[in-house]
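*Asks:* Below you'll find the structure I mean.
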C-alpha cells in the first residue's frame, strides 16, 4: 500500500512539473484567473474570489468532464487541483 501511495505521489509530481512547464506557475495563473473571473462575474459576486476557489472550480470542471466518458486523466487532474487548492487555502 505504501508503494502505491508513493507511486501516486511520483505520478502527481511528474504531471505537476509537466503542467508547470506547459502553462507556467499554477499559483500565478490561479491569481490571474481569480482576477479575471472576478471581472467577468462582478455583477454576480459580492466579493472577489480567491485563488484557491479557482482551483476548486477547476476540480468541478474536471469532475464535469467525467460525466461524459471515462478518462482516468481527469480524475488525476482533479486530485492535483485539490492539492493546489489546499496549498493556496492554507495561506489565507
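Quick note: the coordinates plus some simple rules give every number you see, no bench work behind them. None of these values were measured; they are calculated from a predicted model. Heads up, the Cβs are rebuilt from the backbone with ideal geometry, glycines too, and the neighbour counts pull from every protein chain shown.
*Asks:* Taking only Cα atoms, what is the 0 to 90° angle, nearest 10, from helix 26-40's long axis to the longest principal axis of the chain?
*Replies:* With rounding to tens, the tilt is 30 degrees.
*Asks:* Helix-only mean residue ellipticity at 222 nm, the chain, DSSP H runs n ≥ 4 weighted -39,500 (n - 2.57), per residue, nearest 500. What is it? Walk me through the numbers before you get to the answer.
*Replies:* Values: 4 runs with 71 residues, N = 92.
Calculated at 222 nm, the ellipticity per residue is -26000 deg cm²/dmol.
*Asks:* Expressed in nm to one decimal, what extension gain is obtained for the pair residue 43 and residue 14 from 0.36 nm per residue of sequence separation less their Cα-Cα distance?
*Replies:* On the way: separation 29, 0.36 × 29 = 10.44 nm, distance 3.90 nm.
Contour length minus Cα-Cα distance gives 6.5 nm.
*Asks:* I've got another one for you. What is the gain in length, in nm to one decimal, between residue 6 and residue 25 on full extension, counting 0.36 nm per residue of separation less the C-alpha to C-alpha distance? Mind dumping the intermediate values first?
*Replies:* Numbers: separation 19, 0.36 × 19 = 6.84 nm, distance 2.37 nm.
Full extension from residue 6 to residue 25 adds 4.5 nm.
*Asks:* What is the Cα centroid distance between region 1-45 and region 48-92, reported in whole angstrom?
*Replies:* First find each Cα centre; the distance between them is then 8 Å.
*Asks:* Hey, another quick one. Taking only Cα atoms, what is the 0 to 90° angle, nearest 10, from helix 51-65's long axis to the longest principal axis of the chain?
*Replies:* Roughly 60 degrees, rounded to the nearest 10.
*Asks:* Let me ask something additional. Compute the distance in nm between two label points, each set 7 Å from the Cα along the Cα-to-Cβ direction, one at residue 69 and one at residue 91.
*Replies:* Going by the 7 Å Cα→Cβ label model, 3.7 nm.
*Asks:* In addition: Against the longest principal axis of the chain, how steep is helix 2-23, in degrees 0 to 90 to the nearest 10, with axes from Cα atoms?
*Replies:* Long axis of 2-23 versus the principal axis of the chain: about 50 degrees.
*Asks:* I've got another one for you. Read through the labelled values [x] 13.3, 47; [y] 14.6, 49; [z] 36.4, 112 and report the label of the one computed as Rg and Dmax of the Cα atoms in Å from the structure.
*Replies:* Only one option fits the structure, namely [y].
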